[in-house]
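Everything on this sheet refers to the single structure shown next.
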Amino acid sequence: MSSPLQGSLMLDIDGTWLTAEDRQILRQPQVGGMILFARNIEDPRQVRELSAAIRQIRPDLLIAVDQEGGRVQRLRQGFVRLPAMRAIADNANAEQLAEYCGWIMAVEVLAAGLDLSFAPVLDLDHQRSAVVGSRAFEGDAQRATQLASAFIRGMGQAGMAATGKHFPGHGWAEADSHVAIPVDERSLEQIRSQDMQPFAQLGNQLAAVMPAHVIYPKVDDQPAGFSRRWLQDILRGELGFEGVIFSDDLSMAGAHVVGDAACRIEAAFNAGCDMGLVCNDRAAAELALSAAQRLNVVAPDGLGRMRRQAFPGIEYRQSPRWLEAIGALRAAQLVE
């Protein structure tokens, strides 16, 4: 049996291999996960070797990536270039194609030695948010829920837990939370009846949820990821969600409203996040490490369930399921 997760921070590294500084940080007990970006990735073999090197130091760490498809796809060279999820919806057999996409994505990520992709996107495409846009399955809540459910089913068949993002919905706010602080002026009733529906209906299929760095001022004056109202009262209380809550990257501009990295990680934990992501800023990561040590945050048991449930091997492209799935996606002109 694998050892329990010790830490509640997910950090990153700069290159395609571990430096001495990276190894030192990985050994910090407050670190519970590592997320890879495009800069860390060359090809499947290199990713497997990097993952193995990380696990040699910390076998308990979660290793994650953003592999949604479309423009948000960190694993590229030697991996299937999945379509943006919005491209699936117009096909007659869209649900089957969504399931195939979820399965292919998960198989490739797991075969590379990683545990999970932060997927699927459950935001609705209201034709307002450029940062969401084609990452969303649909603008209609019911249709988006159906397609996301199929995608999650495919992920589960491969052995990967699903993370729904960005609660309670990023699709209405126009600003990009990577570089600004988005605001959604709608009422709770409007959000509940539209953007929250995928999260409400898929709660029992999601192992984790990632909240949005969006302020919904008619509900709370804090971004959702720092809001007890959103995370405790609504997500946990109203929706009954019992899974893991990951913060979105606490280095994003949308998170800066609450202060420096130490303030951000404390605010995220106090609001109800179980694991905080601090990426693309080593100085901020070190501040967050110090804050997590001071706060004595302990990772919940549920984080362990985010680990990969299967390893498909490296010859997965010879399997009948692969040939069936990739053939269907090619026939629909969704992949090359």
> Taking interchain pairs and intrachain pairs at least six residues apart, which have beta carbon atoms under 9 angstrom, with the first residue in region 151-168 and within 18 Å of GLY225 (Cα to Cα) and in contact (Cβ under 8 Å) with a residue 40 or more places away in the chain and the second assigned to a helix (DSSP H, G or I) and β-branched (Val, Ile, Thr)?
Replying inline: GLY164/ILE152; PHE167/ILE234; PRO168/ILE191; PRO168/ILE234
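Residue-by-condition table, conditions (1) in a helix (DSSP H, G or I); (2) touching a helix residue (DSSP H, G or I) at 6+ places or on another chain (Cβ under 8 Å); (3) basic (Lys, Arg):
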residue	(1), (2), (3)
GLY302	yes, no, no
PHE311	no, yes, no
TRP322	yes, yes, no
ALA325	yes, yes, no
> Of all residues in region 64-89, how many are crowded, with 22+ Cβ neighbours inside 10 Å and closer than 21 Å to GLN146 by Cβ?
Replying inline: 5
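In region 183-195, how many residues are assigned to a loop (DSSP other than H, G, I, E, B), surrounded by fewer than 23 Cβ atoms within 10 Å (Cβ to Cβ) and not hydroxyl-bearing (Ser, Thr, Tyr)? Give the derivation first.
Within region 183-195, the subset assigned to a loop (DSSP other than H, G, I, E, B) is 184-187, 194-195.
Subset that is surrounded by fewer than 23 Cβ atoms within 10 Å (Cβ to Cβ): 185-187, 194.
So of that shortlist, the ones also not hydroxyl-bearing (Ser, Thr, Tyr) come out as 185-186, 194.
The qualifying residues number 3.
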> Taking the condition of a type in the set (Val, Ile, Thr) and part of a loop (DSSP other than H, G, I, E, B), does ILE234 pass?
Replying inline: no
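Within region 216-225, identify whether any single residue is out of contact with any Cys (no Cβ under 7 Å at 6 or more places or on another chain), surrounded by fewer than 17 Cβ atoms within 10 Å (Cβ to Cβ), under 20 Å from VAL257 (Cβ atoms) and among the acidic types (Asp, Glu), and answer yes or no. Working first, answer last.
So the first thing to find is which residues in region 216-225 are out of contact with any Cys (no Cβ under 7 Å at 6 or more places or on another chain), and the list is 216-224.
This time we only want the ones that are surrounded by fewer than 17 Cβ atoms within 10 Å (Cβ to Cβ), so: 217-218, 221.
If we keep only those that are under 20 Å from VAL257 (Cβ atoms) as well, we get 217-218, 221.
In the following step, the residues that additionally are among the acidic types (Asp, Glu) were identified as 221.
Checked against the condition, which is being out of contact with any Cys (no Cβ under 7 Å at 6 or more places or on another chain), surrounded by fewer than 17 Cβ atoms within 10 Å (Cβ to Cβ), under 20 Å from VAL257 (Cβ atoms) and among the acidic types (Asp, Glu), region 216-225 yields at least one hit.
For region 224-235, does any single residue satisfy the condition of being aromatic (Phe, Trp, Tyr), in contact (Cβ under 8 Å) with a residue 60 or more places away in the chain and closer than 20 Å to ASP60 by Cα? Spell out the reasoning first.
Going residue by residue through region 224-235, those that are aromatic (Phe, Trp, Tyr) are 226, 230.
Next, only the ones that are in contact (Cβ under 8 Å) with a residue 60 or more places away in the chain stay: 230.
Okay, now just the ones that are also closer than 20 Å to ASP60 by Cα, so none.
No, there is no match, as no residue in region 224-235 is aromatic (Phe, Trp, Tyr), in contact (Cβ under 8 Å) with a residue 60 or more places away in the chain and closer than 20 Å to ASP60 by Cα.
With within 20 Å of the chain's Cα centre (by Cα) and of a type in the set (S, T, N, Q) as the only criterion, which of SER247, SER319 stands out? I'd like the intermediate steps shown before the answer.
On the way: SER319 fails: within 20 Å of the chain's Cα centre (by Cα).
Checking each option against the conditions leaves just SER247.
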> Going through region 60-94 one residue at a time, which ones are of a type outside the set (A, V, I, L, M) and within 15 Å of ILE326 (Cα to Cα)?
Replying inline: GLY69, GLY78, PHE79, ARG81, PRO83, ASN93
> Filtering region 113-129 down to residues that are part of a loop (DSSP other than H, G, I, E, B) and aliphatic (A, V, I, L, M), which residue is farthest from GLN142 (Cα to Cα)?
Replying inline: LEU114
> In region 135-174, how many are among the charged types (D, E, K, R) and surrounded by fewer than 21 Cβ atoms within 10 Å (Cβ to Cβ)?
Replying inline: 4
> Just checking, how many residues over region 236-255 are at positive phi and without any contact (Cβ under 8 Å) to a residue 12 or more places away in the chain?
Replying inline: 0
> Which residues, counting only those in region 248-307, are modelled with pLDDT of 85 or more and polar (S, T, N, Q)?
Replying inline: ASN270, ASN280, SER290, GLN293
> If you go through region 47-63 one residue at a time, do you hit one that is crowded, with 20+ Cβ neighbours inside 10 Å, modelled with pLDDT of 95 or more and part of a strand (DSSP E or B)?
Replying inline: yes
>> For region 95-134: of the residues being at pLDDT below 95 and buried (at least 24 other Cβ atoms within 10 Å of the Cβ), which is nearest to PHE79 (Cα to Cα)?
In response: VAL132
>> Please determine whether any residue of region 20-30 is out of contact with any Gly (no Cβ under 6 Å at 6 or more places or on another chain), surrounded by 15 or more Cβ atoms within 10 Å (Cβ to Cβ) and in a loop (DSSP other than H, G, I, E, B).
In response: yes
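The values are calculated or read from the model by the stated rules, or taken from the named source; none is laboratory data. What you see is a predicted model, and the numbers here were worked out from it, not measured in a lab. Cβ sites come from the backbone with ideal geometry, for glycine too, and all protein chains shown count toward neighbours.
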